[in-house]
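In what follows, a structure is listed as structure tokens, so that the remarks can point back to it.
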Amino acid sequence: MAEPAFKPEKDFSKEVDKLLPEAEQLAKTDIQAAIEKLSVLEKQTRQASDLASTSRILVAIVTICKNAGDWSLLNDQTLVLSKKHGQLKQAITKMVQTVIDFLPETPNLETKLSVIETLRTVTEGKIFLEVERARVTKILSDIKKEQGDLKAATDILCELQVETFGSMDRREKVEFILAQVALCIESKDWTQAGILSRKISTKYLARRPKKTQEQLDKEQKDREAKKAKGEEVSEEKEDDVTDLKLRYYEQQIILAKHDSRYLDVCKYYRQVLDTEAVEEDPAKLQAVLQRIIYFIILAPHDNEQHDLLHRIHKDPRIAQVPQDAELLKLFTVHELMRWPEVSKIFGPHLCSTEIFDSEPNQSADDKAFQRWQDLRKRVIEHNVRVVAKYYTRIRVDRLTQLLDLTEDETEKYISELVTFKTVYAKIDRPARIVSFAKPRDADDILNEWSFNMKSLLGHLERIDHLITKEEMMARIQPGAKSSKKSVKEKAAAR
């Protein structure tokens with residue numbers, strides 16, 4: 001928070017310039033006397049609202065304590081100076097920032113923790129010190145994490161609501177939230193991680209279009225025009241958020257994988273793909289393309305998945321991963337895929353990645369085998385949809401042969417697809433027949449009949465028009481009168 005613009009009643013700059021060297025020299029022999037000497041002048045500058053001089057004195061007092069190695073006295077002085085009546089907010093802020101800079105110089109961990117606790121006490125409840133409190137809390141959380149106390153580190157850091165801090169830079173806010181989410185993921189608190197991650201706006205992380213040469217030239221001209229008028233021109237620095245974007249989507253992918261939200265994982269990988277750092281690195285590009293293909297295939301079939309599947313298939317970049325592109329192509333055509341053949345051809349390649357395991361407990365990822373099972377399930381569901389497209393009725397034994405399943409498994413998968421309304425089917429168990437024909441009510445039948453009649457009448461009208469046209473063309477040709485009868489006969493015959 002900005003300090004109200006008080007005009008100093010008196011300028012103590014000369015007195016401070018004279019006293020500071022004397023106090024520093026005195027502190028080498030008697031630190032208490034040096035602090036008392038500075039405190040007398042501090043009271044005068046504070047009462048006169050001389051911000052610059054007060055800030056210098058506060059910084060000098062804590063610096064003297066640090067140089068003397070008396071960290072306990074530094075803690076005491078920090079507390080006392082921050083609580084003095086009418087103390088200027090900006091002066092307190094500068095003192096706290098100076099003490100934070102001293103933290104790397106603490107002799108041991110115990111001293112460092114005592115200084116951190118003092119700073120947290122001073123900054124508690126003060127809006128103008130919210131950024132400093134957040135930074136100190138982050139340091140404390142890191143210490144707890146290094147000590148192995150992950151729960152305490154998570155609790156300490158997650159108590160900060162940095163998204164409400166108006167004085168904190170946006171990039172720093174995102175870094176804090178990402179650190180909070182990372183700790184929640186490490187401590188397996190998936191619910192809290194999901195809640196915290198939603199505080200980050202993806203618009204801030206979105207890729208910004210590069211400026212054209214015309215735009216750059218225009219901005220340069222504007223800056224030159226302002227300089228000519230004598231105005232100050234600040235160089236605008238574009239905030240590169242690529243590192244934040246990659247960290248954010250890496251965390252989102254972990255969360256989505258944990259919940260088996262395959263379609264979301266695919267979308268997150270597509271966002272990673274839309275990053276200049278990934279596009280320019282062939283190894284990263286191929287890895288991301290592979291995972292986009294894997295997770296769109298693993299996603300349950302619906303309209304959104306179907307649309308995204310075909311859009312990915314049309315992306316020319318998937319030619320860089322030909323084997324995975326071939327697998328993707330199989331899901332875009334209405335043809336049966338035999339699971340034994342699919343696992344034989346693509347299995348070794350798929351299981352060479354960390355995404356799939358053909359056997360349980362083969363890798364550290366306990367869900368890799370589950371994804372392999374889900375892949376088999378998607379192949380079977382694709383085959384059921386293909387059968388439903390080409391057959392209205394089929395015998396159960398023939399269907400099990402086409403799907404490479406037992407009767408129980410066939411009934412199970414058909415039931416699941418019917419439940420999710422992916423296909424329509426009825427199983428006649430006594431007759432051992434599966435019907436994929438959807439029953440139609442009277443309105444549907446009448447609508448179809450009406451459409452067919454309209455189509456028939458349209459054809460008849462078109463034929464009549466063509467006959468009339470031919471008659472007219474025959475009349476205007478030479479010798480039409482002599483052959484008028486024969487033309488009519490031909491038209492009648494047609």
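The values are calculated or read from the model by the stated rules, or taken from the named source; none is laboratory data. The structure presented is a predicted model; accordingly, all values stated were derived computationally and were not measured. Ideal geometry is used to build each Cβ from the backbone, glycine not excepted, and the neighbour counts take in all protein chains shown. Note: accessible area is taken over every heavy atom of the protein model, side chains too, but ligands, DNA and RNA are not part of it. Shrake-Rupley method; radii C 1.70, N 1.55, O 1.52, S 1.80 Å.
Would you mind stating whether Q323 is farther than 27 Å from T400 by Cβ, out of contact with any Leu (no Cβ under 8 Å at 6 or more places or on another chain) and buried (at least 18 other Cβ atoms within 10 Å of the Cβ)?
Values: farther than 27 Å from T400 by Cβ: yes; out of contact with any Leu (no Cβ under 8 Å at 6 or more places or on another chain): yes; buried (at least 18 other Cβ atoms within 10 Å of the Cβ): no.
Judged against the criteria, Q323 is not a match.
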Being crowded, with 18+ Cβ neighbours inside 10 Å, assigned to a helix (DSSP H, G or I), in contact (Cβ under 8 Å) with a residue 24 or more places away in the chain and not polar (S, T, N, Q) is the filter here, so list the residues in the stretch 286-306 that pass it.
-> L289, R291, I292, I293, Y294, F295, I296, I297, L298
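From the list S197, S187, S167, pick out the single residue that is in contact (Cβ under 8 Å) with a residue 24 or more places away in the chain and either basic (K, R) or over 24 Å from D259 (Cα atoms) (or both). Give the derivation first.
On the way: S197 fails: either basic (K, R) or over 24 Å from D259 (Cα atoms) (or both); S187 fails: either basic (K, R) or over 24 Å from D259 (Cα atoms) (or both).
Just a single option satisfies the conditions, and that option is S167.
For the stretch 67-84, does any single residue satisfy the condition of being farther than 21 Å from L103 by Cα and in contact with an Asp or Glu (Cβ under 7 Å, 6 or more places away or on another chain)?
No, there is no match, as no residue in the stretch 67-84 is farther than 21 Å from L103 by Cα and in contact with an Asp or Glu (Cβ under 7 Å, 6 or more places away or on another chain).
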Taking I433, is it hydrophobic (A, V, I, L, M, F, W, C), surrounded by fewer than 11 Cβ atoms within 10 Å (Cβ to Cβ) and at pLDDT 85 or above?
-> no
Evaluate the stretch 131-148: report whether one residue or more is part of a helix (DSSP H, G or I), under 21 Å from Q252 (Cα atoms), out of contact with any strand residue (DSSP E or B) (no Cβ under 8 Å at 6 or more places or on another chain) and open to solvent by less than 50 Å² (accessible area, probe 1.4 Å).
-> no
When you scan the stretch 11-52, how many residues do you find that are farther than 14 Å from L81 by Cα and among the polar types (S, T, N, Q)?
-> 5
May I ask you to say which residue of G86, G125 is open to solvent by 20 Å² or more (accessible area, probe 1.4 Å), modelled with pLDDT under 90, under 30 Å from E146 (Cβ atoms) and not in a helix (DSSP H, G or I)?
-> G125
Which of (1) open to solvent by less than 50 Å² (accessible area, probe 1.4 Å); (2) in contact with a Leu (Cβ under 9 Å, 6 or more places away or on another chain) does E117 not meet, given it meets every other one?
-> (1)
Given the structure, is Y424 over 19 Å from Y294 (Cβ atoms) and part of a loop (DSSP other than H, G, I, E, B)?
-> yes
Just need a number here: residues in the stretch 436-447 that are of a type in the set (G, A, S) and either surrounded by 11 or more Cβ atoms within 10 Å (Cβ to Cβ) or assigned to a strand (DSSP E or B) (or both).
-> 1
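So, T332, is that one surrounded by 12 or more Cβ atoms within 10 Å (Cβ to Cβ), closer than 26 Å to R311 by Cβ and modelled with pLDDT under 90 or not? Spell out how you get there, then give the answer.
On the way: surrounded by 12 or more Cβ atoms within 10 Å (Cβ to Cβ): yes; closer than 26 Å to R311 by Cβ: yes; modelled with pLDDT under 90: no.
Judged against the criteria, T332 is not a match.
Got a number for residues in the stretch 258-280 being open to solvent by 50 Å² or more (accessible area, probe 1.4 Å) and within 18 Å of K245 (Cα to Cα)? If you could, list the steps in order and put the result at the bottom.
Taking the stretch 258-280 first, the residues open to solvent by 50 Å² or more (accessible area, probe 1.4 Å) are 258-259, 261, 267, 270-271, 274, 276, 279-280.
Next, only the ones that are within 18 Å of K245 (Cα to Cα) stay: 267, 270-271, 274, 276, 279-280.
Residues in the stretch 258-280 being open to solvent by 50 Å² or more (accessible area, probe 1.4 Å) and within 18 Å of K245 (Cα to Cα): 7 in total.
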Any hit, the stretch 378-390, residues being open to solvent by less than 80 Å² (accessible area, probe 1.4 Å) and of a type in the set (S, T, Y) = no
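Does A91 satisfy being more than 28 Å from T137 (Cβ to Cβ), in a helix (DSSP H, G or I), open to solvent by less than 60 Å² (accessible area, probe 1.4 Å) and of a type in the set (G, A, S)?
When the stated conditions are applied, A91 does not pass them.
Report yes if some residue within the stretch 55-68 is of a type in the set (S, T, N, Q), open to solvent by less than 60 Å² (accessible area, probe 1.4 Å), under 22 Å from E9 (Cβ atoms) and in contact with a Phe, Trp or Tyr (Cβ under 9 Å, 6 or more places away or on another chain); otherwise report no.
no
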Residues of the stretch 81-91 satisfying the condition of being farther than 16 Å from I116 by Cα and either of a type outside the set (D, E, K, R) or in contact with a strand residue (DSSP E or B) (Cβ under 9 Å, 6 or more places away or on another chain) (or both) | L81, H85, G86, Q87, L88, Q90, A91
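Residue-wise test of (1) among the acidic types (D, E); (2) out of contact with any helix residue (DSSP H, G or I) (no Cβ under 7 Å at 6 or more places or on another chain).
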position: L26; (1), (2): no, no
position: E36; (1), (2): yes, yes
position: Q44; (1), (2): no, yes
position: S49; (1), (2): no, yes
position: S53; (1), (2): no, no
position: I57; (1), (2): no, no
position: V62; (1), (2): no, no
position: C65; (1), (2): no, no
position: L73; (1), (2): no, no
Any idea which of I355, I394 is touching a Ser or Thr at 6+ places or on another chain (Cβ under 9 Å) and either of a type outside the set (A, V, I, L, M, F, W, C) or surrounded by 14 or more Cβ atoms within 10 Å (Cβ to Cβ) (or both)?
-> I394
Can you run down the residue pairs with Cβ atoms below 7 Å, 6 or more apart or on separate chains, where the first is in the stretch 326-337 and closer than 15 Å to K389 by Cβ and the partner is of a type in the set (D, E, K, R) and open to solvent by 50 Å² or more (accessible area, probe 1.4 Å)?
-> H334/K389
Enumerate the pairs (first residue in the stretch 420-447 and in contact (Cβ under 8 Å) with a residue 40 or more places away in the chain; second residue anywhere and polar (S, T, N, Q)) with beta-carbon separation below 6 Å, excluding pairs fewer than 6 apart on the same chain, so at least 6 apart or on different chains.
-> F436/T392; A437/T392
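With respect to E36, is the statement that it is out of contact with any Asp or Glu (no Cβ under 9 Å at 6 or more places or on another chain), surrounded by 15 or more Cβ atoms within 10 Å (Cβ to Cβ) and under 30 Å from E110 (Cβ atoms) true?
Values: out of contact with any Asp or Glu (no Cβ under 9 Å at 6 or more places or on another chain): yes; surrounded by 15 or more Cβ atoms within 10 Å (Cβ to Cβ): no; under 30 Å from E110 (Cβ atoms): yes.
Criteria not met by E36.
Is it fair to say L103 is touching a residue at least 12 places away in the same chain (Cβ under 8 Å), assigned to a helix (DSSP H, G or I) and within 31 Å of the chain's Cα centre (by Cα)?
Numbers: touching a residue at least 12 places away in the same chain (Cβ under 8 Å): yes; assigned to a helix (DSSP H, G or I): yes; within 31 Å of the chain's Cα centre (by Cα): no.
Here the answer is no, as L103 does not meet what is asked.
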Restricted to the stretch 448-494, and to residues that are among the β-branched types (V, I, T) and open to solvent by 80 Å² or more (accessible area, probe 1.4 Å), which residue is modelled with the lowest pLDDT?
-> I476
